[in-house]
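Everything below concerns the one structure shown next.
None of the figures in this text is laboratory data; all of them are computed from the coordinates on show. This one's a predicted model, so the numbers in the text were calculated from it and none came from an experiment. Virtual Cβ from ideal backbone geometry, glycine too; neighbours counted across all protein chains shown.
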Amino acid sequence: MPKVHCFTSASFAYLDRVRVLAATLKTYNPEWELTLCLSDQEPSGWRFDTSAEQIDHLVRISELDIEDLQRFIFDHNVIELCTAVKGAMLSRLFAQGAEKVVYLDPDIAVFGSLDELSRLLDHHDILLTPHQLSPDDDISAIADNEMGSLKYGIYNLGFIAVANTSEGQRFSQWWARRLAIHCFDEVANGLFTDQKWCDLVPAFFAGAHILRDPGYNVASWNLSQRPISIDENGTVYAGGSPLKFFHFTKIDWAGEVAIENYARGQIETFELLSWYKNLLVLNKPIGLPERYWAYSIYADGSAISDEHRLQYRTDRALREKYPDPFAAGAAIFENT
């Protein structure tokens, strides 16, 4: 069976989550190779020692095939940037000979073998997981979950798996091109980073397969239909199926509130949440400034606003005059 190459994409602020993902992935899938695609740079005086991490490879954004990198980085906030690189990273792995590639968000924890994904990629080119597998009945759940899918995307792109076939390569190239210029959180314009694009995948790519096992990609948006249980052997189930991976999205704020809401008092779900939060504490990087991101500031240390990013990416004259907006600084926006 060909080796599976898994990658995640993050900034240093998510390193605690990357560590939990790596540890849990390696526990149940030790033969998989894990690559961190890093959209960040170390702060002064702080060192990232990859030899101490449970990742097999590190790829920095500067190593990807991305044109006009400084402008590209400046155009995006941290979430947009870490998703915008996913298509280019997938294409890189294919070019290096990876036959099967799985992407997992850094805020995912793995609870079992994922060999089924490898077997499915023997017969399908692309694997996707919908946010929901069954309809809700409660009016608030419909608003949160089904209407949320209509707004943000049918499929959750915290997971995607792609085979290095002609159709998989065609998808990779298409996705990378779209994300190169259209990976923004602009829901009113029909965009939600990399995710909404994949609503089109089943129509555009005949080899797409919808993974309907409720044990995959369990999260706040489908807990209403996938109750968590734990048997006497400690095996965790979601909706009666063995839990493969749980997506702990936006823990410590909106995501945690949603999990608590749809756990409906089930102690097992709260046990999972407590377990994950404890692991984040244990894996917090020492010495890294809170909410650090190298590309959140200009070269002079002043903060970059979302308004400046939006103005720069839509103003052709600014882009032509200032090819490196980080060095140019906030002053370029004063008289525009």
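Relative to the current alpha-carbon distance between T50 and E67, full extension at 0.36 nm per residue lengthens the span by 3.4 nm.
Simple spin-label estimate for D213 and R316 gives 5.0 nm between the two label positions (7 Å along the Cα-to-Cβ direction from each Cα).
Across the alpha-carbon atoms of the range 26-93, the computed radius of gyration and Dmax are 13.6, 40 angstrom. Using the Cβ-Cβ distance between E260 and S134 with R0 = 22 Å, the FRET efficiency computed as 1/(1 + (r/R0)^6) comes to roughly 0.55.
Antiparallel versus total DSSP beta bridges in the chain: what percent is that, nearest 5?
Details: 19 of 37 bridges.
Given both bridge residues lie in the chain, the antiparallel proportion sits at roughly 50 percent.
Rounded to the nearest Hz, the phi-derived 3J(HN,Hα) couplings of the range 83-88 under the Karplus curve 6.51 cos²θ - 1.76 cosθ + 1.60 (θ = phi - 60°) are 8, 5, 7, 5, x, 5, where x marks glycine and proline. Neighbour counts of C-beta atoms inside 10 Å place F74, F205 in the sequence F205, F74, starting with the fewest.
Net charge in the neighbourhood of E31 (other residues with Cβ under 13 Å of its Cβ; Lys, Arg +1, Asp, Glu -1) is 0.
Lys-Lys pairs in the chain that are eight or more residues apart or on separate chains and whose Cα atoms lie under 26 Å of each other come to 26.
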